[in-house]
Amino acid sequence: MNLEELDKKYIWHPYTQMRDALLSKIRVIERAEGFYLIDSEGNRYIDGVASMWCNVWGHGKREIIDAIKEEIDRLQHSSLFGLSNDKAIILAEKLCKLTYMDKVFYSGDGSSAVEVALKMALQYWINNKEKRKKVISLKNGYHGDTIGTMSIGYIEDFFSNYKQLLFDVKQITPPYIHRRVEMSDEDYINHCIDVIERELKDEPICLIMESGAQVAGGALIYPKGYQSRVSKLCREYDTLFILDEIATGFGRLGNMIEFIAQDSRPDIVTFGKMLTAGYLPLAATLTTEKIFNAFLGEYHEHKQLYHGHTFTGNPLACVAALSNLDLYEKYNLIEDVRRKERIIASRLEEFKSDIIEEIRHKGMMIGIQLKNIRVGKAINYLIMEEGFKRGAYIRPLGNVMMLMPPLSIDDCVLEKLLDIAYNIIRDIEKEV
Ligand SMILES: Cc1ncc(COP(=O)(O)O)c(C=O)c1O
């Protein structure tokens with residue numbers, strides 16, 4: 001059997017209707033060079049979604065690989081259960097200095113980091129002998145696929161099958177500038193803030209939202225000042241404010257730490273994805289001294305956080321993160337993202353089309369929302385297939401064509417990716 005046949009025999013792919021997948025071609029990636037993925041037939045594809053939004057430097061960045069190689073000869077894994085390791089410690093210090101937070105709890109993926117945040121928030125009140133029940137989140141937010149994260153980022157189409165396992169969450173409408181309500185932007189934002197304020201009066205456990213934008217929700221960017229106002233309200237009403245910066249932290253929207261740029265202050269914040277430049281799995285939940293102190297007590301009081309993962313603080317992943325974060329400074333990456341943001345903005349001007357509903361763009365995140373048009377296949381499959389044919393890996397979210405390239409993508413590869421996206425849209429336009 002060749003690799004494609006073996007894949008069809010053994011692999012169950014995420015978010016995929018496998019009946020269709022079994023009948024379609026699957027590209028088996030064997031290696032990667034810079035911003036290109038290369039399949040077993042030698043075809044090259046621009047990594048247009050940064051391997052699910054996590055790749056920073058392209059593939060094969062020498063400094064990060066060398067750092068991992070050096071560490072793997074020294075220590076492959078040792079746990080944080082009753083022990084520590086130097087790389088986990090140095091990384092924790094670095095993360096706290098970057099964010100002005102105080103404590104770091106490590107996990108292996110974004111969903112787990114959000115679960116940790118929820119458990120911390122709930123137990124914070126229990127340890128303080130306060131009874132609180134309600135959790136608030138934003139509609140259209142996404143925080144992962146585990147039971148807790150599905151509860152807060154509940155989307156009927158995706159998660160209704162699992163509903164009996166989920167807990168109750170109050171989901172509030174977020175303030176899109178891109179909306180169809182007859183109100184000025186300012187009035188609409190004020191209205192959304194008023195709704196939050198009403199909910200905060202019930203003394204909820206926490207309010208959780210993505211930082212800067214709802215990414216998986218279709219690249220929906222918060223209006224200026226919104227996140228900051230929510231942050232201040234949570235403080236005023238003494239509710240824990242949790243920010244999920246898994247998709248937006250470390251430069252995706254043109255800021256190293258998005259919540260700082262948004263003038264907001266979380267009690268708990270989660271990071272993942274680009275933390276290790278997309279080279280190894282690692283996520284982190286950061287919190288403040290105030291939350292941490294509520295977990296101190298006698299052993300028999302059971303105030304400790306009952307949570308831990310086998311690979312928590314894995315030294316290889318931590319060393320990858322340390323090397324990655326050093327490179328941001330060395331190459332002045334955030335400035336480069338801001339420069340490319342301007343290139344993208346001017347290129348997107350050309351994209352106007354009758355089949356486009358709206359284009360949303362910030363930093364290195366582009367969401368091109370197509371109108372509800374009828375094409376032979378589901379539009380997301382069509383775009384992905386057309387992308388492959390033209391030499392790019394583009395995985396849309398429904399009818400939103402997402403372009404989320406590695407942050408350091410070369411200008412010429414970026415231009416090529418935009419050309420491919422442009423040509424796909426022009427071809428679909430001809431079909432409808
Ligand atoms: C904002 C946000 N939070 C959490 C997650 C879940 O992360 P993971 O897929 O690593 O579990 C994602 C994944 O896309 C995300 O975008």
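The values are calculated or read from the model by the stated rules, or taken from the named source; none is laboratory data. Note that this is a predicted model, so its numbers are computed, not measured. Positions of Cβ are generated from backbone atoms using ideal geometry, with glycine treated the same way; all protein chains shown enter the neighbour counts. SASA here: full protein model, heavy atoms, side chains in, ligands and nucleic acids out. Shrake-Rupley method; radii C 1.70, N 1.55, O 1.52, S 1.80 Å.
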>> I'd like the per residue volume of the convex hull spanned by the Cα atoms of the range 104-254, given in cubic angstrom.
In response: 126 Å³
> To the nearest whole percent, what portion of all C-alpha pairs in the range 75-330 is separated by more than 34 angstrom?
Replying inline: 15 percent
> Just from its helices, what would the mean residue ellipticity at 222 nm be for the chain, if runs of 4 or more DSSP H residues each count -39500 (n - 2.57) and the sum is divided by every residue, rounded to the nearest 500 deg cm²/dmol?
Replying inline: -12000 deg cm²/dmol
> Taking amide hydrogens as modeled 1.01 Å from N in the peptide plane, which residues meet the under 5 Å criterion relative to LEU397, leaving out close sequence neighbours?
Replying inline: MET402
> Mind listing the phi-derived Karplus ³J(HN,Hα) values for the range 316-327, rounded to whole Hz, using 6.51, -1.76 and 1.60 with θ = phi - 60°, and x for any glycine or proline?
Replying inline: 5, 5, 5, 5, 5, 5, 4, 4, 4, 5, 4, 5
> So what does log10 I(q)/I(0) come out to for the chain at q = 0.06, 0.08, 0.12 Å⁻¹, using the Debye formula with one equal point on every Cα and no solvent?
Replying inline: -0.26, -0.46, -1.07
> What's the center-to-center distance, using Cα atoms, between the range 360-388 and the range 224-262 in Å?
Replying inline: 28 Å
> Of ILE394, ILE29, ILE196, which is the most mobile in a GNM of the chain whose springs link Cα atoms less than 10 angstrom apart?
Replying inline: ILE29
> Of ALA216, ALA392, ALA378, which has the largest mean-square fluctuation in a 10 Å C-alpha GNM of the chain?
Replying inline: ALA378
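In debye, nearest 20, what is the charge dipole magnitude of the range 75-330 about its Cα centre with +1 on Lys and Arg Cβ and -1 on Asp and Glu Cβ, if you could check? Before the final figure, lay out the partial values.
Details: 27 positive and 32 negative charges, 40 e Å.
Roughly 200 debye for the range 75-330.
Please say if the range 176-244 is rounded, prolate or oblate, where rounded means a/c under 1.5 for a ≥ b ≥ c the square roots of the C-alpha gyration tensor eigenvalues, and otherwise the choice is prolate for a/b larger than b/c and oblate otherwise? Each step should come with its number before you reach the end.
Working: a/c = 2.20, a/b = 1.35, b/c = 1.63.
Note, shape of the range 176-244 comes out oblate.
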> What FRET efficiency do you get for ARG374 and TYR15 if R0 is 35 Å and r is their Cβ-Cβ distance, rounded to the nearest 0.05?
Replying inline: 0.95
>> In whole Hz and in residue order, list the ³J(HN,Hα) couplings for the range 4-21 that follow from phi through the Karplus curve 6.51 cos²θ - 1.76 cosθ + 1.60, θ = phi - 60°; x for Gly and Pro.
In response: 5, 5, 5, 4, 5, 6, 10, 9, 10, 8, x, 6, 9, 6, 5, 4, 5, 4
> Mind checking which aspartates and glutamates have their C-alpha under 12 Å from LYS134, skipping anything on the same chain fewer than 8 residues away?
Replying inline: ASP168, GLU199, ASP202, GLU203
>> Cut-off 12 Å, label point 7 angstrom out along Cα-to-Cβ of THR146: give me the residues of the range 75-99 whose amide nitrogen falls inside.
In response: none
> What list of ³J(HN,Hα) couplings, whole Hz, do you get for the range 29-37 from phi and the Karplus terms 6.51, -1.76, 1.60, once you set θ to phi - 60° and write x for glycine and proline?
Replying inline: 7, 9, 7, 8, 9, x, 9, 10, 9
> Accessible area per residue of the range 75-330 at 1.4 Å probe, in Å²?
Replying inline: 44 Å²
>> Quick query: amide H of ALA283 versus all other amide H atoms, modeled in the peptide plane; which residues come in under 5 Å with a sequence gap of 5 or more or a different chain?
In response: SER107, GLY108, ASP109
> Quick one: if the Förster radius is 35 Å, what FRET efficiency do ARG62 and GLU298 give, using the C-beta to C-beta distance and rounding to 0.05?
Replying inline: 0.10
> By a straight-distance test (C-alpha under 17 Å), which aspartates and glutamates pair with LYS9 as possible cross-link partners, with residues fewer than eight away in the same chain excluded?
Replying inline: ASP20
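Work out, step by step, the length gained on full extension between GLU289 and LYS134: first 0.36 nm times the residue separation, then minus their alpha carbon distance; give nm to one decimal. It would help to have the intermediate numbers written out before the result.
Numbers: separation 155, 0.36 × 155 = 55.80 nm, distance 2.35 nm.
Answer, rounded to one decimal: 53.5 nm.
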> Top mean-square fluctuation among LEU118, LEU98, LEU243, Gaussian network model of the chain, C-alpha springs under 10 Å?
Replying inline: LEU98
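Classify the range 268-394 as rounded, prolate or oblate, taking a ≥ b ≥ c as the square roots of the eigenvalues of its Cα gyration tensor: rounded when a/c is under 1.5, otherwise prolate if a/b is larger than b/c and oblate if not. Display every interim value, and only then the final one.
Numbers: a/c = 2.47, a/b = 1.98, b/c = 1.25.
The shape class here is prolate.
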>> Under 5 Å between amide hydrogens, which residues at least 5 positions from HIS59 or on another chain qualify, with H placed 1.01 Å from N in the peptide plane?
In response: GLY34, PHE35, TYR36
